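Novice: Would you mind keeping the following structure in view while I ask a few things?
Only the coordinates and a few stated rules stand behind these numbers; no lab work does. None of the values given here were measured: they were computed from a predicted structure. Don't worry about glycine lacking a Cβ; one is built from the backbone with ideal geometry, like all the others, and counts go over all protein chains shown.
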Amino acid sequence: MSLIKKIHHVAYRCRDAKETVEFYRDVLGMAFTTAFAEDRVPSTHEPDPYMHVFLDAGMGNVLAFFELPTRDPMGHDPNTPSWVQHIAFEVEDLATLESTRRKLVERDIEVVGPTDHGLFKSIYFFDPNGHRLELTVNTGTPEQERRAREVAPAMLEEWSRTKRAPRHAAWLHAAEFAAEEKPL
């Protein structure tokens, strides 16, 4: 049994707490639930004023942000591609994914996708802070999900040895790869 009951919240930095709350509330429909502001960090007691805001993403999932006005501007790890670090949110169905994509585009937010990952489809975009977000809807069948779980340990072992993409779950993208390999 896991020691962990659930994730209480995940916290990221933001440039502007008000702008961030408005984006997540107005664009993604999250409820703004809590704000903490202190001049000293409670855990370390160092002077560092901050605003800490919390948004309810549903079903007990909480996303939090810190605005740190006295710190250097936010940055990103220059050695990590922008597509790697992201927050993924599940939506109800394909219609919701598509209507949200349209809503984002209407707000002049650049959207990538939908991308078919075999077990789910996703769209990608950035929040006002430069955090990459993913909205995803599960599309896999229970059998596909079972097969993916079944091959996961072998895939990890092969990757660990070779650092090359294992082909145990290539069936998830078989149609996509077949279309790419057809001669012109």
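Novice: Within region 42-87, which residues are under 21 Å from Thr20 (Cα atoms), of a type in the set (Ser, Thr, Tyr) and surrounded by fewer than 14 Cβ atoms within 10 Å (Cβ to Cβ)?
Specialist: If the condition is that a residue be under 21 Å from Thr20 (Cα atoms), of a type in the set (Ser, Thr, Tyr) and surrounded by fewer than 14 Cβ atoms within 10 Å (Cβ to Cβ), then Thr70, Ser82 are the ones that fit.
Novice: Select from region 92-107 the residues that are touching a strand residue (DSSP E or B) at 6+ places or on another chain (Cβ under 8 Å) and surrounded by 12 or more Cβ atoms within 10 Å (Cβ to Cβ) and list them in ascending order. Break it down into steps so the answer makes sense when it comes.
Specialist: Taking region 92-107 as the starting set, the residues that turn out to be touching a strand residue (DSSP E or B) at 6+ places or on another chain (Cβ under 8 Å) are 92-94, 96-98, 100-101, 104.
Correct list: Leu94, Thr96, Leu97, Glu98, Thr100, Arg101, Leu104.
Novice: Within the set of pairs 6+ apart or on separate chains, which have a first residue in region 15-32 that is outside any loop (DSSP other than H, G, I, E, B), a second that is among the β-branched types (Val, Ile, Thr), and C-beta atoms under 8 Å apart?
Specialist: Close Cβ pairs satisfying both conditions: Ala17/Val53; Thr20/Val53; Val21/Val53; Phe32/Val21; Phe32/Val53.
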